[in-house]
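In what follows, a single structure is set out as structure tokens and then discussed.
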Amino acid sequence: MALVTMKEILEDADKRGYGVGAFNINNLEFLKAIVQAGEEEKSPLIIAVSEGAMKYAGVEYLSEIVKIAAKNASIPIALHLDHGKHFEKIMATLRNGFTSVMIDASDKPYEENVKLTSEIVKIAHAMGVTVEAELGRLLGKEDEVQSDVAIYTDPQDAKRFVEETGVDALAVAVGTSHGAYKFKGEAKLDIERIKKIKELVSIPLVLHGASGVPAHITKGLKEVGVDLKSAKGVPEEEIKKAIGAGIRKINIDTDLRLSFLLGVRRYMAENPTTFDPRKYLGAGMEIVKDTVKSKIQLFGSANKA
Ligand SMILES: [Zn+2]
């Protein structure tokens with residue numbers, strides 16, 4: 001089928017109370033692994049492309065392969081821009097048929113965030129494209145997005161922001177962070193805050209920085225010489241609670257990167273003279289696929305397509 005909007009996918013998730021994964025891609029290998037997992041689990045999918053991915057692979061290449069994937073798939077797939085920071089980048093994704101964009105002006109003062117977000121909403125909605133915005137600030141680093149401070153989303157501000165901008169989905173800061181090193185102490189999310197925001201805001205809520213950094217992956221990586229030391233992700237129980245409190249879109253990037261690396265490194269360790277890229281990239285894809293399947297089961301989106 002053709003690409004669907006993210007709004008369509010998240011509205012069903014909201015109605016039936018489950019979460020949908022937004023999985024980041026930079027190339028064909030990740031896309032194929034994610035779509036295979038979605039097909040096997042009969043789950044809707046959000047494919048996310050960051051400005052960094054656009055720089056690496058080119059927005060035309062990425063949008064075309066995702067359109068082909070959607071055309072051949074039996075599950076609904078949305079193509080989403082993750083952390084749109086630059087007006088011209090956002091316009092480039094709209095020209096290339098993305099069905100959803102995120103405008104991230106969360107590092108700007110409130111009024112400026114409202115102004116920039118509203119501008120994108122006006123243009124994107126005229127084209128039938130979903131818009132996600134962010135209020136509050138996440139710690140950590142992801143591509144071009146970086147922050148050394150965490151500012152949790154204020155529920156009253158969230159209500160006002162959604163009314164003033166007309167966005168379709170809102171990313172909230174409730175204790176997660178970008179990257180593989182999310183928590184120094186106890187790994188906990190502010191679930192009460194999610195509940196309060198959900199009470200006041202009628203649109204689907206989004207959790208960024210939600211990778212779990214699974215122990216079987218870090219253990220596997222250690223065996224092949226990649227020691228991530230203090231890396232710590234969001235525990236599965238916290239993700240479940242967050243979905244129970246009203247989170248509908250869960251962003252996963254780090255876990256896929258770690259999974260792919262494990263597949264490739266393990267394959268290369270076991271087959272040191274192999275130079276056929278289809279062999280070691282294929283091994284990376286296998287683990288990405290397994291990880292996406294386990295996320296789909298955790299988020300509750302299996303058999304919802
Ligand atoms: Zn993010």
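Where a number appears in this text, it was derived from the coordinates with a stated rule and is not lab data. This is a predicted model, so every value here is computed, not measured. Methodologically, a virtual Cβ is constructed for each residue, glycine included, from the backbone with ideal geometry; neighbour enumeration extends over all protein chains shown.
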Per-peptide average of other Cβ atoms within 10 Å, ordering 75-82, 102-109 highest first
75-82, 102-109
Mean Cβ neighbour count within 10 Å, used as a protection proxy, ranking 44-54, 199-209 highest first:
44-54, 199-209
Using a simple spin-label model with points 7 Å from Cα along the Cα→Cβ vector, what separation in nm is obtained for residue 16 and residue 149?
4.2
For the stretch 6-299, what's the relative contact order in percent, using C-alpha pairs closer than 8 Å and at least 6 residues apart?
20
Order 218-228, 268-278 from most to least packed using the mean count of other Cβ atoms within 10 Å.
218-228, 268-278
Using +1 at the Cβ of each Lys and Arg and -1 at the Cβ of each Asp and Glu in the stretch 189-305, identify which of 226, 263, 208 lies farthest towards the dipole's positive end.
208
Of 198/249; 195/241; 7/198; 141/184; 196/293, which ones are farther than 20 Å apart at the Cα?
196/293
Quick check for you: which residues of the stretch 207-248 have the amide N under 14 Å from the point 7 Å beyond the Cα of residue 290 toward its beta carbon?
214-224
Electrostatic dipole magnitude of the chain [Cβ: Lys, Arg +1; Asp, Glu -1; Cα centre; debye, to 20]
560
Please list, in order along the stretch 43-51, the HN-Hα scalar couplings obtained from phi with the Karplus expression 6.51 cos²θ - 1.76 cosθ + 1.60 (θ = phi - 60°), rounded to whole Hz, x for Gly and Pro.
10, x, 9, 10, 9, 9, 10, 8, 4
Long-range HN-HN contacts of residue 105 with modeled amide H, under 5 Å:
134
Scattering profile of the stretch 6-299 from the Debye formula, Cα beads only, expressed as log10 I(q)/I(0) at q = 0.10, 0.16 Å⁻¹, is -0.50, -1.32
Fully extended, how many nm does the chain gain between residue 275 and residue 195 (0.36 nm per residue separation, minus their Cα-Cα distance)?
23.7 nm
For residue 50, list long-range residues whose amide hydrogen, built 1.01 Å from N in the peptide plane, is under 5 Å from its own amide hydrogen.
25, 82
What nm value, rounded to one decimal, do you get for the distance between residue 125 and residue 40 when each label is placed 7 Å out toward the C-beta?
4.1
Can you give me the angle between helix 6-16 and the longest principal axis of the chain, using Cα atoms only, in degrees from 0 to 90, rounded to the nearest 10?
90
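As an exercise, use a Förster radius of 35 Å and the Cβ-Cβ distance of residue 226 and residue 302 to find the FRET efficiency, rounded to the nearest 0.05. The partial results should precede the final answer.
Numbers: r = 30 Å, r/R0 = 0.86.
That pair, residue 226 with residue 302, gives E of 0.70.
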